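Written below as structure tokens is the structure these notes are about.
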Amino acid sequence: MASNEKFNFAQSVAEALADSQLRANFRFATDTLIQRRGTVFASPEETNFLRDVGSSMKKDVLANLPDLLERFEAKCIKNGIVVHWAETAKDANEIILSILNEKSAKKVVKGKSMASEEIHLNAYLEEHDKEVVETDFGEFIIQLCNEPPSHIIVPAVHKNRKQIAEVLAEHVEGMEYTEDVDIMLENVRNTLREHFKTADAGISGVNFGIVETGSLCLVENEGNGRMCTTVPPLHIALMGIEKLIENVEDIPAIYRLLCGSATGQRITTYFNMISGPRKKDERDGPKEVHLVLLDNGRSRIMNDPQLGDVLKCIRCGTCLNHCPVFTRIGGHAYGSTYPGPIGEILVPQLEGLNPKGAIATASSLCDACSEACPVRIPIPEIIRRMRDESYGHGDPNSVAGYGYKKNCVESMVWRGWKWSQTSPFMNKVMLKGLALFGKWIPVVGPLKSWMSVRSKPTFGKNSLKDLVKKEGVRHE
Amino acid sequence: MKKVSAAKTPVYFFGTCLADMMYADSAMAAIRLIEREGYEVVYPMEQSCCGQPAYNSGFPDEAKAVAWKQVQIFAKHDYPIVVPSGSCAGMMKVHYPKLFKDSPDLFTVKRFSERVVELTTFLHQHAHAVYEDKGAPIKATWHSSCHAMREANCIADSKALLSQLSNVELIELERERECCGFGGTFSIKQPEISGAMVSDKVADVVSTGASVVLSGDCGCLMNITGHMEKENITDVKGQHIAEFIWERING
């Protein structure tokens, strides 16, 4: 993961765009995912209704979050789950390490969890001599290459079949190069099986925490999540505090929205509801279950009525698939745990505008993301807000790095623009100026950028205002 | 030439800033199309820009000042305000009330926004325009601007008008719903990404075999034709829907 000191968005964008294989891989993947989503959400009426339901469900949860969290905690404790509160990423890492140390756990198997990516858990645990094995197929691949995920749902989507075959042949013992998917899967399954058997602990994320019952829901397709949470004697779940759902009866709607948006499935192969450790008369399941509730800036985000909407996110990744920018630059270029449109509004809030505010410039504000979002997050509006905040036009207390891009040149340009658009005299002067001298504008700055792939704009001899007068249209 | 009907309320015309700078003929054609349906067109001379460039670039105060100027200029009469751009119409309809959400002027702004109507929606749904195609057979393709599609919701109207032109064969783009990469200041703040997007869009346009790409938004056209010119693609031209229709029905 690119650290903030080294983060250079322009450079990562340039590198990504130059990699034609990468662009082809992403185009293929996002096309496929969009097409699959379309088959599950074929009826616009039903889909929009469902999105309304999902949106208000998450809105209600956020409006009552403090109370719901306390109720949820009480239920979890009653179920025998040990609950920990982590205010920061550092707290969460330390809590997880101390649980592992307490049980003398050395080896950890992990289910896919974006929250764990957010806090860079693997790196932290490895620094403290733990062996961490990712068990989701995609995560397993990128762990072998020491890369971060390039997509929220399909972490190795930047690689095609051949590239994955190469990775497996290089890193997995006893495995030869093959492009046969069944053979690849079988080999990885056998390798992982051994890890499940020998792991001291399993770590997972949580898709939904049900307040009513104190259950942890885990949505997955490979069964590795179930193995991580049932085979080892110790299970630690890491969950962002916004992931609550109030009642069991709310689950079908939000689960359908998640599956349909993420992978274009009606339901996933596995849906786990974890309600505590192994009971006395039970033969399997972990002996201990711990839940780490992660804040990491969420409480602060929640306090702003507009920014708080970002916490409705259920991490389906469909905004990535629908984004024409993500499709072209891929996930790694964003240099952040959460790429794409959701990343543009979440990461600057989690990590500060300087330098991560830069990723909010990577949007044409085409609205394709908000059109697809299952919980109706107004992503383009919050992208605009990130841009406002970057220039110091917003709330100085809401996002770190407020006003970091403020500069005299841009401020003056926009002030001049405002003048030319509010004073009829200045507007006339500007239009006349462009008509007469437009072709001699030096090719620097914005015009140079424009002309990198386009010809020089030709300004008209007449403005519409001129024509209206000439042609006798009623004007006043 | 004008057949102004006394029974029909006149309409205001907001030409857009791009019409003043580069696309005056397209906007003039739009005015002619409205007049053709018997409406008197009133053009306030002090109008300028909808304010979107600043609104999308982190300068909401400047956007608000420019928006307020338009609200005031169009306040003299209660006429509908016809806009030959889905993007500017979307800005004025959808985003003006957001800009003024905490202002005592909110209701004035809302009344303004409710009067805004995109050109092809006006021609199709309000004026019930009927066209007779007098042009030679031609293959055309259509680019939907994102905000025409998702904010002004006017694409069905644009296509309904085009479908009346019997000699025009409309060939759809493969990725009609994908952005062309313009995005206002996005095109100069992220020129490489924008360039990759417009290059894919132009490839899509070219592969239709059409000789003209039509759109209801001059911003997208400026982007698409600018790239075609740079790449020396000369067998496809770009044209605003209003100018295209006006030419077709006048032979």
* Of all residues in segment A:195-230, which are farther than 13 Å from A:Val108 by Cβ, among the small types (Gly, Ala, Ser) and out of contact with any Gly (no Cβ under 6 Å at 6 or more places or on another chain)? -> A:Gly205, A:Gly209, A:Gly214, A:Ser215, A:Gly223
* A:Gly472 vs. criteria over 30 Å from A:Thr327 (Cα atoms), outside any helix (DSSP H, G or I) and either within 11 Å of chain B (Cβ to nearest Cβ) or out of contact with any Gly (no Cβ under 7 Å at 6 or more places or on another chain) (or both) -> yes
* Asked: Can you tell which of A:Val13, A:Val40, A:Val61, A:Val53 is in contact with a Cys (Cβ under 8 Å, 6 or more places away or on another chain) and in contact (Cβ under 8 Å) with a residue 12 or more places away in the chain?
  -> A:Val40
* Just need a number here: residues in segment B:1-40 that are at positive phi and either touching a Pro at 6+ places or on another chain (Cβ under 8 Å) or part of a strand (DSSP E or B) (or both). => 1
* To do: Quickly run through segment B:204-235 and pick out the residues that are in contact (Cβ under 8 Å) with a residue 60 or more places away in the chain and more than 13 Å from chain A (Cβ to nearest Cβ).
  => B:Val205, B:Thr208, B:Gly209, B:Ala210, B:Ser211, B:Val212, B:Val213, B:Leu214, B:Ser215, B:Gly216
* Structure fact -> Filtering segment B:26-57 down to residues that are facing chain A (nearest Cβ under 8 Å), over 15 Å from B:Lys69 (Cα atoms) and touching an Asp or Glu at 6+ places or on another chain (Cβ under 6 Å) yields B:Val41
* Of residues in segment B:58-70 being touching a residue at least 12 places away in the same chain (Cβ under 8 Å), surrounded by fewer than 24 Cβ atoms within 10 Å (Cβ to Cβ) and not hydrophobic (A, V, I, L, M, F, W, C), the one farthest from the other protein chains (Cβ to nearest Cβ) -> B:Lys64
* Structure fact -> Given (1) farther than 21 Å from B:Ser26 by Cα; (2) away from chain A (no Cβ under 14 Å), B:Ser194 misses just (2)
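Which members of segment B:169-197 meet the condition of being under 30 Å from B:Tyr131 (Cβ atoms) and buried (at least 22 other Cβ atoms within 10 Å of the Cβ)? Before you say what the answer is, go through the steps one by one.
Quick first cut of segment B:169-197, residues under 30 Å from B:Tyr131 (Cβ atoms) only: B:169-180, B:182.
Matches in segment B:169-197: B:Cys179, B:Cys180, B:Phe182.
Return yes when A:Val399 is more than 9 Å from every other protein chain (Cβ to nearest Cβ), part of a loop (DSSP other than H, G, I, E, B) and of a type in the set (A, V, I, L, M, F, W, C) and no when it is not. Explain how you work it out, then say what you get.
Values: more than 9 Å from every other protein chain (Cβ to nearest Cβ): yes; part of a loop (DSSP other than H, G, I, E, B): yes; of a type in the set (A, V, I, L, M, F, W, C): yes.
Answer is yes for this residue.
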* To do: Filter segment A:430-469 for residues that are facing another protein chain (nearest Cβ under 7 Å) and of a type in the set (A, V, I, L, M, F, W, C) and give the result.
  => A:Leu431, A:Leu434, A:Trp450, A:Val453, A:Phe459, A:Leu464, A:Leu467, A:Val468
* helices (runs of 4 or more DSSP H) enclosed by segment B:71-183 - at least 3 residues per element that are free of Cβ contacts under 8 Å to residues at least 60 places away in the same chain, within 14 Å of another protein chain (Cβ to nearest Cβ) and not polar (S, T, N, Q) -> B:96-99
* Structure fact -> Note: among B:Leu123, B:Leu106, just one is over 21 Å from B:Lys76 (Cβ atoms) and not charged (D, E, K, R), namely B:Leu123
* Asked: Among the residues of segment B:151-160, is any surrounded by fewer than 22 Cβ atoms within 10 Å (Cβ to Cβ) and at positive phi?
  -> yes
* Asked: Which of the residues belonging to segment A:436-465 are over 21 Å from B:Pro191 (Cβ atoms) and surrounded by 18 or more Cβ atoms within 10 Å (Cβ to Cβ)?
  -> A:Gly460, A:Ser463, A:Leu464, A:Lys465
* To do: Please go through segment B:31-62 and pick out each residue that is of a type in the set (A, V, I, L, M, F, W, C) and either under 18 Å from the mean Cα position of the chain (by Cα) or more than 20 Å from A:Leu431 (Cβ to Cβ) (or both).
  => B:Ile31, B:Leu33, B:Ile34, B:Val41, B:Val42, B:Cys49, B:Cys50, B:Phe59
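Give me the residue from segment A:88-100 that is among the small types (Gly, Ala, Ser) and buried (at least 19 other Cβ atoms within 10 Å of the Cβ) and, out of that set, farthest from A:Gln306 (Cα to Cα). Lay out the reasoning, then the answer.
First, pick out the residues of segment A:88-100 that are among the small types (Gly, Ala, Ser): A:89, A:92, A:98.
Then keep just the ones that are buried (at least 19 other Cβ atoms within 10 Å of the Cβ); that gives A:89, A:92.
Working: A:Ala89: 24, A:Ala92: 27 Å.
By that ranking, first place goes to A:Ala92.
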* Those residues of segment B:236-251 which are within 14 Å of chain A (Cβ to nearest Cβ) and not in a helix (DSSP H, G or I), in sequence order -> B:Lys237, B:Gly238, B:His240
* Could you look through segment A:196-205, keep only residues that are hydrophobic (A, V, I, L, M, F, W, C) and part of a strand (DSSP E or B), and pick out the one that is nearest to A:Leu294 (Cα to Cα)? => A:Ile203
* Structure fact -> Quick count over segment A:71-96, residues being among the small types (Gly, Ala, Ser) and under 20 Å from A:Glu118 (Cβ atoms), is 3
* To do: State yes or no: is A:Ile267 touching a strand residue (DSSP E or B) at 6+ places or on another chain (Cβ under 7 Å) and modelled with pLDDT of 95 or more?
  => no
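Looking only at segment A:404-424, decide whether some residue is under 22 Å from A:Gly335 (Cβ atoms) and more than 8 Å from chain B (Cβ to nearest Cβ).
Pass one, segment A:404-424, residues under 22 Å from A:Gly335 (Cβ atoms): A:404-405.
Checking which are more than 8 Å from chain B (Cβ to nearest Cβ) leaves us with A:404.
There is at least one residue in segment A:404-424 that is under 22 Å from A:Gly335 (Cβ atoms) and more than 8 Å from chain B (Cβ to nearest Cβ).
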* Asked: Any residue at all in segment A:68-87 that is exposed (fewer than 14 other Cβ atoms within 10 Å of the Cβ), of a type in the set (Lys, Arg) and either over 24 Å from the mean Cα position of the chain (by Cα) or within 14 Å of chain B (Cβ to nearest Cβ) (or both)?
  -> yes
* Structure fact -> Checked against (1) crowded, with 20+ Cβ neighbours inside 10 Å; (2) of a type in the set (S, T, N, Q); (3) under 27 Å from B:Leu99 (Cβ atoms); (4) more than 15 Å from the chain's Cα centre (by Cα), B:Gln125 satisfies every condition except (1)
* Among the residues of segment A:272-287, is any part of a loop (DSSP other than H, G, I, E, B), without any contact (Cβ under 8 Å) to a residue 24 or more places away in the chain and surrounded by 14 or more Cβ atoms within 10 Å (Cβ to Cβ)? -> yes
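The values are calculated or read from the model by the stated rules, or taken from the named source; none is laboratory data. Remember, it's a predicted structure, so these values are computed and weren't measured experimentally. Please note: Cβ atoms are built from the backbone with ideal geometry, for glycine as well, and neighbour counts cover all protein chains shown.
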